[in-house]
Amino acid sequence: MRWILLFLLLTPCLLSAQDGNYALGARNGAMAGTSLTFTDGWAAFNNPGALGGLEASTAMITYQNRYNIEGFHVLGGGLVYHHSLVNTAIKYYKFGDDLFNQQVIGLVLANRIQMVSLGAGINIIQTHAEGLSTRRVAALEMGGTAEITRQIIFGAHIFNFKHGTMHPTTMKAGLSFRPKDFLMINTEVEKQLDSREKFKAGLEYAIIKNVLIRTGLNVQGNDLSNSQVRATFGFGFQPKNFLFDYAFSNENLGAIHEISLAYQLEKP
């Protein structure tokens, strides 16, 4: 009976944690996850290839409140060291509490050569459930971006080359259209083996210098009558070397709020 009760308690946590998506940062969340081409510190989580274009060492931290349920919160952060030869990042992700939690620690290396940026990383994923054994697996990832034109950027990312039920292989590809300095429109498709595709679109608009508003749409499945649709919203504020972002979205279990803070250790 004890194991049955424990399984029932952990099932929602397992479903929420084991989606193979460890993307972080409120900018990513506000634009429905269309972050493949973002050259910020959060690229260490969202696309290691884009990290090669970062021109400032950065420290960042984020907190995600999922559904206002204790034990469903996410905490993450990392450090990026910028160097002319290679950008190096370490990152940390934690979902859950003492009863059930999933933690990820990773190392990312990235570099930019002319119009192309490439990166790769290794992650150790630890899953712990109270009363059960702790499980650790290694997951490799690789990604890149390419400037097709000054206004159009292509991005791609694959996470975990060794597919499994607990940690599925996740593949993403997308385009970013930037017709003006104050406007960005992103589109992406995400596919996990054994899961339906996710089609995502995001928009970022600078209403004044250093103040941005964002929105996005995430659609899973190609049948509109049987698709899961999620809208996202948020804003960003960038005073001097600080980057503050907030994101909001609503799912079946409730609302998700995320607050992120980053600090550029040196001016780009």
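The values are calculated or read from the model by the stated rules, or taken from the named source; none is laboratory data. Everything numeric here is computed off the predicted structure, so don't read it as measured data. Reconstructed Cβ throughout: ideal geometry from the backbone, glycine too, with neighbour counts over all protein chains shown. Just so you know, the surface numbers come from the protein's heavy atoms only, side chains and all, with ligands and any DNA or RNA stripped out. Shrake-Rupley method; radii C 1.70, N 1.55, O 1.52, S 1.80 Å.
Of all the strands (runs of 3 or more DSSP E) wholly in segment 40-118, which have at least 2 residues that are touching a residue at least 60 places away in the same chain (Cβ under 8 Å)?
On the way: elements: 58-66, 74-81, 87-96, 100-113.
Because the criterion is at least 2 residues that are touching a residue at least 60 places away in the same chain (Cβ under 8 Å), the strands (runs of 3 or more DSSP E) in segment 40-118 that meet it are 58-66, 87-96, 100-113.
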Do any residues in segment 190-208 that are closer than 20 Å to Arg178 by Cβ have Cβ atoms under 6 Å from those of residues that are open to solvent by 30 Å² or more (accessible area, probe 1.4 Å) and assigned to a loop (DSSP other than H, G, I, E, B), where the two are at least six apart or on different chains, and which pairs are they?
Ala206/Phe182
Would you check which residues across segment 43-60 are over 15 Å from Met142 (Cα atoms), out of contact with any His (no Cβ under 7 Å at 6 or more places or on another chain) and hydrophobic (A, V, I, L, M, F, W, C) and list them?
Ala59, Met60
So the check is Cβ under 9 Å with 6+ separation or different chains; which pairs have a first residue in segment 129-141 that's free of Cβ contacts under 8 Å to residues at least 60 places away in the same chain and a second one that's open to solvent by 40 Å² or more (accessible area, probe 1.4 Å) and charged (D, E, K, R)?
Val137/Lys162; Ala138/Lys162; Ala139/Lys162; Leu140/Lys162
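Could you identify the single residue in Gly121, Gly155 that is within 15 Å of Asn186 (Cα to Cα) and either open to solvent by 40 Å² or more (accessible area, probe 1.4 Å) or modelled with pLDDT of 95 or more (or both)?
Gly155
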On the basis of being modelled with pLDDT under 95, hydrophobic (A, V, I, L, M, F, W, C), open to solvent by 70 Å² or more (accessible area, probe 1.4 Å) and within 30 Å of Gln228 (Cα to Cα), does Phe177 make the cut?
no
Can you tell me which residue is farthest from Thr215 (Cα to Cα) among those in segment 236-263 that are over 19 Å from the mean Cα position of the chain (by Cα) and open to solvent by less than 80 Å² (accessible area, probe 1.4 Å)?
Asn241
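A quick yes/no check of all residues on (1) buried (at least 24 other Cβ atoms within 10 Å of the Cβ); (2) small (Gly, Ala, Ser); (3) at pLDDT 95 or above:
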site: Leu9; (1), (2), (3): no, no, no
site: Leu15; (1), (2), (3): no, no, no
site: Thr34; (1), (2), (3): yes, no, yes
site: Asp40; (1), (2), (3): yes, no, yes
site: Glu55; (1), (2), (3): no, no, no
site: Asn65; (1), (2), (3): no, no, yes
site: Leu75; (1), (2), (3): no, no, yes
site: Ile90; (1), (2), (3): no, no, yes
site: Leu99; (1), (2), (3): no, no, no
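Restricting attention to segment 158-169, does a residue exist that is of a type in the set (Lys, Arg) and modelled with pLDDT of 95 or more? Even if it seems obvious, please write down each step before you answer.
Of segment 158-169, the ones of a type in the set (Lys, Arg) are 162.
Remaining after also requiring modelled with pLDDT of 95 or more: none.
No, because not a single residue in segment 158-169 is of a type in the set (Lys, Arg) and modelled with pLDDT of 95 or more.
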Selected residue (only one of Ile113, Ile105 is open to solvent by 10 Å² or more (accessible area, probe 1.4 Å) and under 14 Å from Ala23 (Cα atoms)):
Ile105
I need the full set of residues from segment 220-241 which are at pLDDT below 95 and not in a loop (DSSP other than H, G, I, E, B), in order please.
Gln220, Leu224, Ser225, Asn226, Gln228, Val229, Arg230
